[in-house]
Amino acid sequence: MTDRNVLESPRLVIELNRVRANYRALRAALPAARIRFAVKASPVPEIIRLLNDEGAEFDVASIGEIELCLVHGVDPAVLCYGNPIKKAADIARAYALGVRRYAFDTEDDLLRIVEHAPGVEVECRFLASTPASITPFGTKFGCTPGEAFRLLVRARDLGLIVAGPYFHVGSQQTDPTAWRIGIEQAAEISKALVDKDIEVRSVNIGGGLPISYATAAPELGEIATVVNTAVAEFLPAGAGVVVEPGRALVGNAGTIHAEVIGIRNAPDGRRWVYLDIGRYNGMAETENEYIAYRFVTERDGDPVDEAVVAGPTCDGDDVLYQRTKVLLPTSLRAGDRIQILDTGAYTASYSSVSFNGFPPLTVHVSGAERE
Ligand SMILES: *Cc1c(COP(=O)(O)O)cnc(C)c1O
């Protein structure tokens, strides 16, 4: 790195060795599961190549993500086009590129797959009755369990290969029982499929594995115990498991290095701290103040007081925290550096191209891609 790069602000630094350690920890915790990385969490070439070397599969949501994986040497056989919202032309393009696994949640999309990607393997996403997560999907995805059964039978009848049912408990899910509920529901669908002479190859238990931010999340081991127990208790023998993490593989591997632009005591009587990073150049997950990131400054240890934290653009919504209690040193000054921890997931990939003229967040990687 040149000096200029070292001082560039804001920037995201990804520690590759941490990504590898996260992958291996997950593999050890869920030894029977295939691990499929959700590329949208951090579509960084070095991460794709590292996880490919480690033997991961990839969940891709668009032609752009498919091409990214292929350019970096991923075999299309381990890609799953998991976005249930797909144009016919994109299904055809994915098929031409060699993608043979797809997810769907409507009859409409199923018929598009049958037409443009004949004979491929499919998963049907159902909406599991799980508690809400910190950044929930709401009801945007997933059919009812009964509909998933019907659609998977139809998929078989239309010449597709059935993988099995699929659910996602919502991102940053901090209640381990969510997976138990989802696996039990998936098992009901699977048993009904077996009764129709349909072999269930895999149950996809989605992503959602949480990491600790300002608020601690359950440990991976705690969730793995719930998952492994539910798999043994409910799933028919022979059904494999797929897990689809994004955040849990990359979140704690990233640190954003930013700068304080200025500080002001506003007419609302509050201290506002303006950073050179905001909602539009990387901190999208502060929307609704869902994710409470931790800050580190060079003045930590000095007395602290509450602060509203805002981004650099001329947009009233570009505020990171105004309800969440954020404590920052009272000595903080313009020009101070500030680090935002655990920002490896859903940051750079969410930053806008140039809203208000601010460039997208740049990514630097450190550590070894290969071990
Ligand atoms: C985003 C996403 C994931 C990853 O979710 P995390 O909460 O980051 O683990 C997995 N599967 C699908 C289909 C997704 O859209």
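The values are calculated or read from the model by the stated rules, or taken from the named source; none is laboratory data. Every value quoted in this text rests on a predicted model; they were computed, and no experiment measured them. Reconstructed Cβ throughout: ideal geometry from the backbone, glycine too, with neighbour counts over all protein chains shown. The accessibility values were calculated without ligands, DNA or RNA, using every heavy atom of the protein model including side chains. Shrake-Rupley method; radii C 1.70, N 1.55, O 1.52, S 1.80 Å.
Filtered by the rule that a residue be on the phi > 0 side of the Ramachandran plot and among the polar types (S, T, N, Q), region 266-305 gives a lone residue, 288. Of all residues in region 22-38 being of a type in the set (Lys, Arg) and in contact (Cβ under 8 Å) with a residue 60 or more places away in the chain, which is nearest to the ligand (Cβ to nearest atom)? Per the criteria, the residue is 36. If you go through region 39-61 and pick out every residue that is open to solvent by 10 Å² or more (accessible area, probe 1.4 Å) and either modelled with pLDDT under 95 or more than 11 Å from the ligand (Cβ to nearest atom) (or both), you end up with 10.
Identify all residues within region 245-266 that are within 16 Å of the ligand (Cβ to nearest atom) and either open to solvent by 10 Å² or more (accessible area, probe 1.4 Å) or touching a Ser or Thr at 6+ places or on another chain (Cβ under 6 Å) (or both); write none if there are none.
Selection gives 248, 250, 252, 254.
When you check residue 223 against the structure, is it within 16 Å of the ligand (Cβ to nearest atom), open to solvent by less than 10 Å² (accessible area, probe 1.4 Å) and within 26 Å of residue 127 (Cβ to Cβ), yes or no? Taking the combined requirement at face value, the residue satisfies it.
For (1) under 25 Å from residue 235 (Cα atoms); (2) within 21 Å of the chain's Cα centre (by Cα); (3) not polar (S, T, N, Q), each residue gets a yes or a no:
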| position | (1), (2), (3) |
| --- | --- |
| 79 | yes, yes, yes |
| 111 | no, no, yes |
| 118 | no, no, yes |
| 126 | yes, yes, yes |
| 135 | no, yes, no |
| 144 | yes, no, no |
| 151 | yes, no, yes |
| 183 | yes, yes, yes |
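Restricting region 274-324 to residues that are under 13 Å from residue 261 (Cβ atoms) and charged (D, E, K, R) leaves a set whose member that is surrounded by the fewest Cβ atoms within 10 Å (Cβ to Cβ) is 276. Just a yes or no: is a residue in region 100-108 small (Gly, Ala, Ser), within 15 Å of the ligand (Cβ to nearest atom), touching a helix residue (DSSP H, G or I) at 6+ places or on another chain (Cβ under 6 Å) and within 30 Å of residue 290 (Cβ to Cβ)? Within region 100-108, none of the residues are small (Gly, Ala, Ser), within 15 Å of the ligand (Cβ to nearest atom), touching a helix residue (DSSP H, G or I) at 6+ places or on another chain (Cβ under 6 Å) and within 30 Å of residue 290 (Cβ to Cβ). Do you know which residues across region 185-197 are open to solvent by 10 Å² or more (accessible area, probe 1.4 Å) and in contact with a helix residue (DSSP H, G or I) (Cβ under 6 Å, 6 or more places away or on another chain)? Across region 185-197, the qualifying residues are 185, 192, 196. Could you tell me whether residue 122 is over 30 Å from residue 21 (Cβ atoms), in contact (Cβ under 8 Å) with a residue 24 or more places away in the chain and of a type in the set (A, V, I, L, M)? Judged against the criteria, residue 122 is a match. Scanning region 39-69 for residues that are assigned to a helix (DSSP H, G or I) and either over 18 Å from the mean Cα position of the chain (by Cα) or within 13 Å of residue 103 (Cα to Cα) (or both) yields 53, 54, 67.
Identify, please: which residue in region 199-213 is among the polar types (S, T, N, Q) and buried (at least 20 other Cβ atoms within 10 Å of the Cβ) and is, among those, farthest from the ligand (Cβ to nearest atom)? Per the stated criteria, the residue is 202.
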